[in-house]
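> Quick one: the structure is below, questions incoming.
Just so you know, all these numbers are worked out from the coordinates, no wet-lab data involved. None of the values given here were measured: they were computed from a predicted structure. Positions of Cβ are generated from backbone atoms using ideal geometry, with glycine treated the same way; all protein chains shown enter the neighbour counts.
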Amino acid sequence: MRAYEKILILYFSYAAILSFALPAEARLRATTLIVLAMMAALFLLLARLERRTKSRAIAITRDWLPVIVTLLCYREIGWFATGRTLFGMESRFEAWDHWLLATMGGRAVIESLGPLLPGLLELAYLLLYGFGAFGLGMLYGYKARERVDRFWTVTLLGLLFCYVQYPFWPSEPPRTVFPGAESPHVITMFRTLNQLLVGHYGIHTSVFPSAHVGGATAAALGMLYLLPEHRWVGWSLLVLAFLIAAGAVYGRYHYTADVAAGALMGLLAFGLSAKILWPRIG
């Protein structure tokens, strides 16, 4: 199996173990075990079929499968939501955001040009969902498909380092805990779409650390390293990662603390990948 497939199996194993370590219904425990068994069987089957048939179609399927599987990773960690209503951690985080957005005038600066910057930040936050596909497209386009395993390794670690912490830091986003506080005054079509997505498809386990920022940071740094001959790709993703972080705070999808912790997880994922995992992949 490829390195990133093993990482995904480890994640699903973690979720299954967590369901037994934490107070959970028998149905949840059974479901996490079923998901683990199905994903492990799928990855093993595809790896064996590719090895036996040398099929390019199967190889490409394995390249793109994480685009879908990451959605399952996100939804699965959402099953561990506690439904608790104490907001001590959020209150401390909100005080920092108030200082940044209101006292220091961060929101006013962003809105000083009308809908231009608010729309850009909301669009950037929306574009995170296409990071994986864009990265693969660049590797394919520059005939560097052999680097796909390393790209997914660092990107998935950036995301999953955040997801695995969610059950231990139960929290809700500022837009729901403190409605109206430091909220944007400019509403764009991109904000409306973002609110629709997070409102209908978001989870309620935690928002700390920000997986948006963790995954974007890891993917951007990874692409800088993996495509040194076309550094515009990595730099573009790094700028987009910064805009995602700013948009997460401005849009009240995350607290500043979430964003900082997410960036740290992205840096950790890149360091681990570059120093330990990638040399083993080759």
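> To the nearest 20 Debye, how big is the dipole of the chain about its Cα centre, given +1 on the beta carbon of each Lys and Arg and -1 on that of each Asp and Glu?
On the way: 24 positive and 16 negative charges, 245 e Å.
Roughly 1180 debye for the chain.
> Moving on. Once the dipole of the chain is set up with Lys and Arg at +1 and Asp and Glu at -1 on Cβ about the Cα centre, which of 256, 113, 213 lies farthest towards its positive end?
Of the listed residues, the answer is 213.
> Further question: Please work out the C-alpha center-to-center distance from segment 227-254 to segment 136-174 and express it in whole Å.
About 14 Å separates the Cα centre of segment 227-254 from the one of segment 136-174.
> For the charge dipole of the chain, defined by +1 on Lys and Arg C-beta atoms and -1 on Asp and Glu C-beta atoms about the Cα centroid, which residue among 142, 240, 68 has the Cα displaced farthest towards the positive pole?
142
> If we count other beta carbons within 10 Å of each Cβ, what is the order of 126, 28, 121, 45, fewest first? Spell out each step's value before the answer.
Working: 126 16, 28 19, 121 25, 45 11.
Least to most surrounded, the residues fall as 45, 126, 28, 121.
> Using Rg and Dmax of the Cα atoms in Å as the read-out, say which of [x] 22.4, 67; [y] 19.4, 63; [z] 19.3, 73 was calculated from these coordinates.
[y]
> Now, a different point. Rounded to the nearest 500, what is the chain's calculated 222 nm mean residue ellipticity when only DSSP H runs of at least 4 contribute -39500 (n - 2.57) each, over all residues?
On the way: 14 runs with 199 residues, N = 282.
Per the formula, -23000 deg cm²/dmol.
> If the reach is capped at under 16 angstrom between alpha carbons, list the aspartates and glutamates near residue 275, excluding any in the same chain fewer than eight residues apart.
Partners found: 149.
> Rg and Dmax of segment 211-282, using alpha carbons, in Å: what are they?
When restricted to Cα atoms, segment 211-282 yields Rg and Dmax of 12.9, 41 Å.
> Oh, and also: Given charges of +1 on the Cβ of Lys and Arg and -1 on the Cβ of Asp and Glu, with all other atoms neutral, how large is the dipole of segment 124-191 about its Cα centre, in debye to the nearest 20?
Working: 6 positive and 4 negative charges, 57 e Å.
About 280 debye.
> Now for a different question. Please sort by residue number the trypsin sites (Lys or Arg not before Pro) in segment 110-149 whose DSSP state is loop and whose Cβ has at most 14 other Cβ atoms within 10 Å.
Details: sites: 143, 145, 147; in loops: 143.
Passing both the DSSP loop test and the Cβ count: 143.
> Still on this structure, please answer the following. Under the definition of Cα pairs under 8 Å and six or more residues apart, what whole-number percent is the relative contact order of the chain? Walk me through the intermediate numbers first.
Values: 366 pairs, mean separation 67.0, N = 282.
After rounding, I find 24 percent.
> With charges set only on the Cβ (+1 for Lys and Arg, -1 for Asp and Glu), what does the dipole of segment 15-98 come to about its Cα centre, in debye to the nearest 20?
Numbers: 11 positive and 7 negative charges, 137 e Å.
Using Cβ point charges on Lys, Arg, Asp and Glu, segment 15-98 gives about 660 debye.
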